[in-house]
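**Student:** Before anything else, here's the structure in question.
The values are calculated or read from the model by the stated rules, or taken from the named source; none is laboratory data. As the structure is a computational prediction, the values presented were derived from the model and not from experiment. FYI the Cβ positions are ideal-geometry reconstructions off the backbone, even for glycines, and counts take in every protein chain you see. Surface accessibility is based on the protein's heavy atoms, side chains included, excluding ligands, DNA and RNA. Shrake-Rupley method; radii C 1.70, N 1.55, O 1.52, S 1.80 Å.
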Amino acid sequence: SRQFFKVLDVELHQYLSQILKVPAEELSKKKINERMDKCNVAVGTTLLVNSLLEDIKLNLYSPVTSTGEMQEVYEKASEVVSLLDKQIC
């Protein structure tokens, strides 16, 4: 499960870097929130992105996660990407 969350973390950061036009090395939670605010992304979507990032980090450094939890995080990631694709400037 760690490998799953590691890949998800890298891919999500690459996606956010690309869609928000922020170099990957400058990508931080604060920068992500600022860019989403600038692009008028809905507050609910911003909160969902932050929640997803925290879920991923938590699972990267915690004991083995269940398949069900991995599925939930994957579905949340899919929802985030779909929402951002519709809302980003």
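**Student:** Just checking, does the range 48-61 include any residue being loosely packed, with under 12 Cβ neighbours inside 10 Å and at pLDDT below 95?
**Tutor:** Yes, there is a match, as at least one residue in the range 48-61 is loosely packed, with under 12 Cβ neighbours inside 10 Å and at pLDDT below 95.
**Student:** I'd like the residue in the range 33-63 that is in contact with a Ser or Thr (Cβ under 8 Å, 6 or more places away or on another chain) and not polar (S, T, N, Q) and, out of all such residues, is nearest to LEU8 (Cα to Cα).
**Tutor:** MET36
**Student:** Could you please find all residues in the range 64-89 being of a type in the set (Ser, Thr, Tyr) and loosely packed, with under 15 Cβ neighbours inside 10 Å?
**Tutor:** SER66, THR67, TYR74, SER78, SER82
**Student:** Another question, if that's okay. One residue is enough: does the range 31-40 have a residue meeting the conditions open to solvent by 70 Å² or more (accessible area, probe 1.4 Å), assigned to a helix (DSSP H, G or I) and in contact (Cβ under 8 Å) with a residue 12 or more places away in the chain?
**Tutor:** yes
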